[in-house]
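See structure below.
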Amino acid sequence: MKSTQPTTPVVVTLTSCSQEDANAVFEALRRSFDCDRTDDEAPNAASHPHTVWASTFEVTPEHAPLAPARLSAAVEAGLQGGYWAVDEMLEALSAAFNVQERSTAAGDQEKDVQLRLVSSVR
């Protein structure tokens, strides 16, 4: 999604999940937000169980809504960025997944939110 609106970056990190589930989350987000990765760039396969996948998304005031997405298991996610942008990303993720907020750390200009994403599609 390309836009001429002002954007605010949000870094999204994914852990405790398979490569396929990481790809499902990033694919859902790429449908609504510009990303630092190309559309065909999927997370690399990892042999280590503590792999962290990360990508930066540009959040705009207006964006396409996310569609419900399927995950094979719960995904631990982190969002880091400006207050407004993180809140907007959290709202967007809530349309695609069942979201459980785990913790929030607030700073002067930005915040970090830890989430658990669960499939909203059976």
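Give the number of residues within the range 70-105 that are among the hydrophobic types (A, V, I, L, M, F, W, C) and without any contact (Cβ under 8 Å) to a residue 12 or more places away in the chain.
Initial filter on the range 70-105 (among the hydrophobic types (A, V, I, L, M, F, W, C)): 71, 73-75, 77, 79, 84-86, 89-90, 92-93, 95-97, 99, 105.
The next check asks that each one be without any contact (Cβ under 8 Å) to a residue 12 or more places away in the chain; those that pass are 105.
Of the residues in that region, 1 qualify.
If we scan the range 32-49, do we find a residue that is modelled with pLDDT of 85 or more, under 20 Å from Ser18 (Cα atoms) and crowded, with 18+ Cβ neighbours inside 10 Å?
Among the residues of the range 32-49, not one is modelled with pLDDT of 85 or more, under 20 Å from Ser18 (Cα atoms) and crowded, with 18+ Cβ neighbours inside 10 Å, which makes the answer no.
State all residues of the range 83-103 that are at pLDDT below 95 and in a strand (DSSP E or B); if no residue qualifies, say none.
Residues satisfying the conditions do not exist here.
Only residues that are at pLDDT below 95 and part of a strand (DSSP E or B): list them for the range 3-31, please.
Correct list: Thr8, Thr15.
Among the residues of the range 61-104, how many are more than 17 Å from Thr15 (Cβ to Cβ) and of a type in the set (Phe, Trp, Tyr)?
2
Taking into account only those residues within the range 49-69 that are in a loop (DSSP other than H, G, I, E, B) and touching an Asp or Glu at 6+ places or on another chain (Cβ under 9 Å), which is nearest to Ser120 (Cα to Cα)?
This residue is Ala69.
Take Arg116 and tell me if it is within 12 Å of the chain's Cα centre (by Cα), part of a strand (DSSP E or B), surrounded by fewer than 17 Cβ atoms within 10 Å (Cβ to Cβ) and not hydroxyl-bearing (Ser, Thr, Tyr).
The answer is yes for Arg116.
The values are calculated or read from the model by the stated rules, or taken from the named source; none is laboratory data. All values reported here derive from a predicted model rather than from experimental measurement. So basically every Cβ, Gly included, is an ideal-geometry build from the backbone, and we count neighbours across all protein chains shown.
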